[in-house]
Amino acid sequence: MTSNSYLRISNLSKKFGEFEALKNISLDVYESEFVCFLGPSGCGKTTLLRAIAGLDIQTTGRIEQAGKDISALPPSERDFGIVFQSYALFPNLTVERNVAFGLENRGMARAKIRERVTELLDVVGLPDQGRKYPAQLSGGQQQRVALARALATSPGLLLLDEPLSALDARVRARLRLEIKQLQQKLKVTTIMVTHDQEEALTMADRIVVMDHGVIRQVGAPRDIYAAPSSAFVADFIGTMNFLAGRVAGDGVVEVRGTPFRCDTADIPPGEEVTLSIRPEDVILCNGDADVVNGLDTVVRYVEFLGPFCRVGLASDVFEDGEVCADLSSNMMRERTIEQDAPLKVRFPENLVRVFPARS
Amino acid sequence: MAANAQSLSEAIVKPRLSRDDWIMRASMIVIGAFLLVAVVLPLYSMMSKSMENKDGAFIGLANFYEYFSTPSLFLSGVNSLWVAALVTVIVLVTAFVYAYALTRTCMPFKWFFRLVAVIPLLAPSLLSGISLVYWFGNQGVAKELLMGESIYGPIGIVIGSAYWVFPHALMIVITALSITDARLYEAAAALRTSAIRTFFTVTLPGCKYGLISAGFVVFILVFTDFGVPKVIGGNFNMLATDIYKQVIGQQNFQMGAVVSVVLLVPAVIAFGVDRLVQKKQVALLSARAVPLEPKPNRRVDMLMLAFCSFVALLILLMIGMAQYAAIIKFWPYNLTLTLHNYNFDLANGGGWDAYFNSVKMATYTAVFGTLIVFFGAYLVEKGRGFNVGRNVFHGFAMLPLAVPGMVLGLSYIFFFNNPSNPFNFIYGTMIILVVSTVAHFYTVSHLTAVTALKQMDAEFESVAASLKTPFYKTFLKVTVPVCLPATMDIFIYLFLNAMTTVSAVVFIYSTDTQLASVAVLNMDDQGELSFAAAMAMMIAYTCAGARLLHLLLTRGVMRSSQAWRQR
Ligand SMILES: Nc1ncnc2c1ncn2[C@@H]1O[C@H](COP(=O)(O)OP(=O)(O)O)[C@@H](O)[C@H]1O
Ligand SMILES: [Mg+2]
């Protein structure tokens with residue numbers, strides 16, 4: 001056992017009747033870490049979070065927190081604070097009383113409670129809003145109140161279930177940063193559920209990518225982005241172009257008759273595979289010189305996105321689909337790239353990834 | 001192989017219960033036990049009674065055989081069926097047009113028509129019977145209108161029943177018509193659909209479930225009602241009056257039980273179908289709809305005004321006659337005004353004691369009923385785990401709606417009047433009246449509470465648990481204040497029904513616990529019609545006062561909580 005594993009989940013499964021929402025999940029969360037559960041809607045993120053909280057206890061498996069087996073404990077005997085997507089603020093209590101809610105039945109002196117509430121509202125940036133009711137606050141402010149309430153009792157574990165998804169994009173981006181900073185300041189071990197990859201990439205120390213009740217990959221945001229372990233993860237995180245092909249020999253994959261050099265690892269020749277490359281890794285070629293993995297394409301469309309353009313490329317090799325390339329505005333200035341113009345591009349050998357064919 | 005070994009070694013996690021879980025489960029079992037004793041067990045003893053002979057020996061279905069081969073008794077069943085069906089049709093059509101006028105047109109004076117429509121709820125169903133006697137009885141003012149037909153019989157029953165069930169149907173239809181999506185009408189208008197076609201393709205299908213539901217409610221109410229046929233039915237027999245005659249008149253409890261079972265069966269079927277229909281209605285409700293703003297249409301608005309005025313006039317004539325009868329000396333010979341009829345202590349059918357008993361009983365019912373119902377609904381809605389217990393409890397809570405009052409009352413005799421029953425001591429006291437009335441009106445109150453609780457965020461309890469706050473603190477600090485308007489609705493519902501109910505309590509009141517509504521019945525029996533009218537009006541004043549108070553209090557609560565209720 002790693003010395004600083006704070007939360008250890010072993011062989012966790014959860015069944016709803018016949019349906020298996022979680023399948024044999026094992027995971028370690030370390031002290032003071034910010035972990036994101038990321039995956040498409042319905043993949044079991046909330047179910048896992050609720051099992052950790054004891055709100056819907058797992059069917060089988062074990063959960064240890066701070067070295068203590070909490071598998072069967074009711075939520076009230078566990079040590080966590082939680083924020084829901086709906087915030088679940090008590091509508092009839094003022095902001096102050098919402099934050100004080102968890103402190104009021106611990107035999108704390110009134111003055112002490114008030115002090116702590118003031119401190120917390122300061123921390124979340126709502127120093128003068130204590131007398132208002134939740135309905136009088138904006139969504140973002142309500143979210144902060146919910147956070148303050150969850151942190152009031154200084155829990156060892158902070159659980160956040162899609163805390164930002166009810167907010168508009170601008171507020172979401174700001175709160176993303178604030179929550180992350182707050183977490184770093186307080187050093188509270190935090191698990192956040194989200195289906196938004198950008199949120200996970202920007203906030204998490206480690207991301208747990210989930211799909212259909214299983215963990216597909218665990219790792220730091222950069223690692224997962226750079227080295228996805230499966231086509232699913234590659235597709236879910238960031239944008240990825242996929243081409244169906246077949247291994248032709250060691251280090252060569254053939255896509256509709258065209259060979260591409262890439263790392264085929266130990267996949268034997270003849271095997272169906274999926275070739276993938278990120279749009280920003282597609283490189284423009286100058287002139288007609290023969291290059292490795294070079295390809296003649298035709299521009300389908302050019303989508304201006306500010307710092308870069310997304311260019312849709314068509315070729316016989318792509319069948320009906322197209323490959324996207326993100327070209328920086330700099331690069332675009334040097335060349336005239338317009339619809340229906342021919343364009344030669346290259347897939348760098350070391351950036352092309354090969355996965356077993358997607359089912 | 002490794003995975004296999006692993007799955008074998010894994011045990012199912014058995015969640016440990018917290019102190020809250022224990023308290024909540026224990027409370028739910030206590031309230032469940034109350035429903036068991038107040039509804040389920042009495043019904044059981046009634047059913048077993050229907051299979052016994054006079055000496056208490058089990059004789060299977062022999063009583064039923066006797067019942068169905070006695071032409072007069074069988075005829076009562078047929079009568080109940082067709083009268084209930086006829087009233088259902090009449091009331092449904094009237095209520096639909098009336099509700100349509102209130103929700104979909106720009107008819108003036110809507111507030112007035114809304115107000116008038118609830119008047120029938122304020123008095124026992126007996127009142128309409130009494131009023132009809134004054135209008136069309138042997139010495140009635142408008143007797144000629146019947147062209148020789150007698151009001152004592154099906155005609156009187158149909159008119160009287162239609163009067164008092166009208167508001168019940170109206171409320172359901174209004175709700176159904178209020179939840180339509182304006183976008184459907186915009187689409188119809190954009191497609192240049194004619195008004196008539198829009199009505200049949202959009203309006204009617206949209207409130208179909210509401211109409212069906214209202215139909216079932218009206219049918220059950222009339223089919224099982226006893227007040228109207230008792231007063232105005234003459235020699236026309238119906239099931240509910242049969243029970244009364246068998247039990248009170250002939251002391252034939254077994255046959256009373258048999259008729260009760262016969263009464264219970266269609267009621268339970270109608271109830272079951274209605275629940276299915278309601279489920280579909282809920283699905284419609286949850287869709288986010290744009291509310292419809294009616295547009296003025298002079299011709300339609302005026303037509304509706306005429307129709308609603310006519311209906312309102314009938315209602316006012318009905319209650320007006322009862323009021324008039326209550327304050328004149330001696331119909332039809334001496335029409336001088338007097339308060340003599342309110343001197344109930346001079347009547348044989350019951351005195352002022354009965355009135356005060358009623359107020360007491362209604363208050364106890366409302367207070368204890370609201371507490372029990374709301375807490376019970378909270379436990380069902382917000383409890384953690386214990387699904388079997390919660391489902392059984394919910395089933396118990398739904399049952400009373402399917403049980404006609406007469407059947408419940410008769411069941412109470414069988415169950416509580418048994419000396420070997422440990423609860424026998426409540427027989428003949430105020431307690432049994434309160435218990436029976438809470439039980440009788442449990443379902444609607446329960447559903448009101450459940451609806452209010454469902455509208456609260458489902459995660460309040462999770463948050464509270466994470467903050468280690470005991471559930472009862474969250475209940476008192478958050479749940480009760482947020483649901484206060486709903487609890488007040490439950491309170492007034494129980495109070496009004498307790499004031500006006502006759503059917504269940506008529507079997508179980510004692511000389512010490514005579515009630516106002518029962519007094520109306522007995523006064524009518526004794527031929528003291530003017531006293532009966534005055535007593536019925538006393539009930540109506542009280543109910544009107546209570547409703548007014550409820551309205552003011554609700555306004556006050558809404559105003560003082562406005563800061564946080566706004567969305
Ligand atoms: N109480 C429940 N009963 C039955 N199925 C459930 C229940 N809760 C969740 N599920 C199912 O489990 C799966 C995972 O749900 P959830 O954990 O909420 O997904 P998400 O990753 O979007 O949070 C979904 O298919 C959902 O339908
Ligand atoms: Mg979720």
- Task: Could you list the GluC sites (Glu not before Pro) in the stretch A:207-286 that lie in coil according to DSSP, counting only those with at most 14 other Cβ atoms within 10 Å of their Cβ?
- Result: A:Glu271
- Task: Run down the lysines and flag those whose C-alpha is under 27 Å from the C-alpha of A:Lys187, throwing out any fewer than 8 positions away in its chain.
- Result: A:Lys45, A:Lys68, A:Lys112, B:Lys468
- Treat each spin label as a single point 7 Å out from the Cα along the C-beta direction, and report the B:Arg19 to A:Phe304 distance in nm. 6.7 nm
- chymotrypsin sites (Phe, Trp or Tyr not before Pro) within the stretch B:332-389, DSSP loop, no more than 10 other Cβ atoms inside 10 Å: B:Tyr333
- How much FRET efficiency would the formula 1/(1 + (r/R0)^6) give for B:Asn297 and A:Ser86, where r is the Cβ-Cβ distance and R0 is 56 Å, rounded to 0.05? 0.85
- Message: Once each part is reduced to its C-alpha centroid, what is the distance from the stretch B:394-467 to the stretch B:141-190 in angstrom?
- Response: 30 Å
- Using Cα pairs under 8 angstrom and six or more residues apart, how large is the relative contact order of the stretch B:61-326, in percent? 34 percent
- For the pair B and A, total buried accessible area rounded to nearest 100 Å², probe 1.4 Å: 3200 Å²
- Query: In the stretch B:367-386, which residues become less accessible by 30 Å² or more once every protein chain is in place, relative to the chain on its own, using a 1.4 Å probe?
  - Reply: B:Arg384
- Note on the structure: Taking Cα atoms only, Rg over Rh for the stretch A:103-252 with Rh from the Kirkwood formula is 1.12
- Task: Could you work out the mean projected area of the convex hull around the alpha carbons of chain A, in square nanometres to one decimal?
- Result: 22.6 nm²
- Shielding of B:11-24 by other chains, given as the mean Cβ count within 10 Å, works out to 4
- Note on the structure: Computed from every Cα-Cα pair in chain B, P(r) in 10 Å bins starting at 0 and rounded to whole percents is 3, 15, 25, 26, 18, 9, 3, 1, 0, 0, 0
- Note on the structure: Relative contact order as a percentage, chain B, C-alpha pairs under 8 Å and 6+ apart, gives 22 percent
- Can you list residues whose amide H is under 5 Å from A:Asp211's amide H, if they're 5+ apart or on another chain and H is modeled 1.01 Å from N? A:Arg216
- With all pairs of different alpha carbon atoms counted, what Kirkwood hydrodynamic radius in Å does the stretch A:212-264 show? 12.8 Å
- Note on the structure: The Rg/Rh figure for the stretch B:61-326, Cα atoms and Kirkwood Rh, to two decimals is 1.03
- Note down the nm distance, to one decimal, between modelled labels 7 Å out along Cα→Cβ at B:Val89 and at B:Ser72. 3.0 nm
- Task: Would you mind telling me the share, in percent, of accessible area of the stretch A:201-350 contributed by carbon and sulfur at probe 1.4 angstrom?
- Result: 47 percent
- Query: If you take all C-alpha pairs in the protein assembly as shown, what percent of them are over 37 Å apart?
  - Reply: 61 percent
- Check: C-alpha center the stretch B:513-540 vs C-alpha center the stretch B:232-261, spacing in Å is 21 Å
- Query: How many angstrom separate the Cα center of the stretch A:308-331 from the Cα center of the stretch A:146-206?
  - Reply: 35 Å
- Label point at B:Asn348 placed 7 Å out along Cα→Cβ; residues across the stretch B:213-250 whose backbone nitrogen lies under 17 Å: B:249
- Task: Give me the percent of the accessible area of the stretch B:61-326 that comes from carbon and sulfur atoms, probe 1.4 Å, all protein chains in place.
- Result: 70 percent
- Message: For Cα pairs less than 8 Å apart in space and 6+ apart in sequence, what is the mean separation divided by the residue count of the stretch A:1-143, i.e. the relative contact order in percent?
- Response: 19 percent
- Per residue, how many Å² of accessible area does the stretch B:61-326 show with a 1.4 Å probe? 46 Å²
- Note on the structure: Here, B:Leu313 and A:Arg114, labelled 7 Å along Cα→Cβ, have an inter-label distance in nm of 6.8 nm
- Using r as the Cβ-Cβ distance of B:Ala142 and A:Arg170, and R0 as 56 Å, what FRET efficiency do you calculate, to the nearest 0.05? 0.15
- Note on the structure: For the stretch A:125-171 the residues that are at least 30 Å² less accessible with all protein chains than alone, 1.4 Å probe, are A:Tyr133, A:Ala135, A:Gln136, A:Arg149
- Could you list the GluC sites (Glu not before Pro) in the stretch A:321-359 that lie in coil according to DSSP, counting only those with at most 12 other Cβ atoms within 10 Å of their Cβ? A:Glu338
- Query: Rounded to a whole number, what % of the accessible area of the stretch B:468-530 do carbon and sulfur atoms account for, probe 1.4 Å?
  - Reply: 58 percent
- Summed over the other residues with a beta carbon less than 10 angstrom from that of A:Val292, with K and R at +1 and D and E at -1, the charge totals 0
- Query: Per residue, how much accessible area does chain A have with a 1.4 Å probe, in Å²?
  - Reply: 45 Å²
- Task: Could you compute the FRET efficiency for A:Asp266 and B:Met47, with r as their C-beta to C-beta distance and R0 at 60 Å, rounded to 0.05?
- Result: 0.20
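The values are calculated or read from the model by the stated rules, or taken from the named source; none is laboratory data. Quantities reported herein were computed from a predicted structural model and do not represent experimental measurements. Here Cβ is always computed from backbone atoms with ideal geometry, including for glycine, and neighbour counts include all displayed protein chains. Remember, those area values only see protein heavy atoms, side chains included, never the ligands or the DNA or RNA. Shrake-Rupley method; radii C 1.70, N 1.55, O 1.52, S 1.80 Å.
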